[in-house]
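First the structure, in the form of structure tokens, and then the observations on it.
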Amino acid sequence: MKFENLPKIELHCHLDGSVRPGTIIDIAKDENISIPYYDIENIKKELTAPAECKSLDEYLRRFEIPILIMQSKESLKRITFELLEDCAKENVKYIEVRFAPLLHLKNGLSISDVIESVIAGIRDAEEKYDIKGNVILSCMRFMSADRAIEVVEAGVKYLSKGVVAIDLCGSEGEEFCGKFIEPITLARGYGYRVTIHAGETGIGKNVLEAVELLGAERIGHGVFIKDCLEAYNIVKDKGITLEMCPTSNIQTKAIDTFKNHPIYNFYNNGIKVTVNTDNRTVSNTNMTKECEILLREFNITFEEYKQIYLNSVDAAFVDLKTKEWLRKYIYQY
């Protein structure tokens, strides 16, 4: 299979983890922002996590430089457009871009300014390329529930106009879900869809709580349901979709080798899995590379790829018309 030619869908991609290194240098110079280096090779080293990170926290430190230069409307719009441009060039037909608005307010932007700038970047890319996109608003787990409510309230007016879902992300500790019941319940009441990062760093029970306490429809990563039977069963029985990111999981030490990644076992046991990049720059990856890992390690067939693609269509936070548009691409093969 030549994955570069096949249609793809990306449901788990962080904007700040997918910035072109050259763009960081450009924006830093244009906006007079101090960064450690101004040459491509050294910036790449700073942005790209090593294959041997000690932990998720070490991996997350790679986001510090991108956040520095993502503090203006122009930078946010440009970075978003370029992400979709990169995706379109490898035949991604639909992407849900996630980011935490509260990380982009250091120079005076409002939450609305941030959201509007990202949506504008998506719309510009949609006009130029055969791709569609939507936004997932992430709330950082180290912040308070009140701050998460700020994000939920600010995003309401953009529902069905680019914003589709709410998310919790960042360093993962035990029993984080209880802290965020109020903001996520509020979001669901407004009409947000819900995806939650959980079970990425050895705590399978977090997935169980994300579903039971927060009403998660999708789970970011979910690797460690393999070690928690209750979480495994609720994901399988309720048809919760896992947004899996193989390369990222190796880097963060969630899994030791690609061969031991549970994605294929989950697939064979009837769990709805999808394949995603997580962070294109930080993980030095793209959707083609992630799919090629599945071929290399598990020898997946076209029919298996097709089912994973259709899982992504079914789980995408879009209307039925867009889902039908996405299905037609895979049925052409």
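Observations
- Positive minus negative residues near Val194 (Lys, Arg vs Asp, Glu; Cβ under 9 Å): +1
- Net charge in the neighbourhood of Ile181 (other residues with Cβ under 12 Å of its Cβ; Lys, Arg +1, Asp, Glu -1) is -2.
- In this structure, the pairs whose alpha-carbon distance is over 27 Å, taken from Lys54/Lys272; Lys29/Lys73; Lys157/Lys226; Lys8/Lys54, are Lys54/Lys272; Lys157/Lys226; Lys8/Lys54.
- Cut-off 11 Å between beta-carbons: net charge of the residues surrounding Asp124, Lys and Arg +1, Asp and Glu -1: 0
- The trypsin sites (Lys or Arg not before Pro) found in the range 182-283 that occupy coil by DSSP, while having at most 16 further C-beta atoms within 10 Å, are Lys253.
- Candidate values (1) 52, 44, 43; (2) 107, 42, 32; (3) 63, 40, 39, label of the one derived for Cα extents along the principal axes in Å: (1)
Here, each number is a calculation from the coordinates, and none is a lab measurement. Every value quoted in this text rests on a predicted model; they were computed, and no experiment measured them. Here the Cβ is made from the backbone with ideal geometry for all residues, glycine too, and neighbour counts use every protein chain on show.
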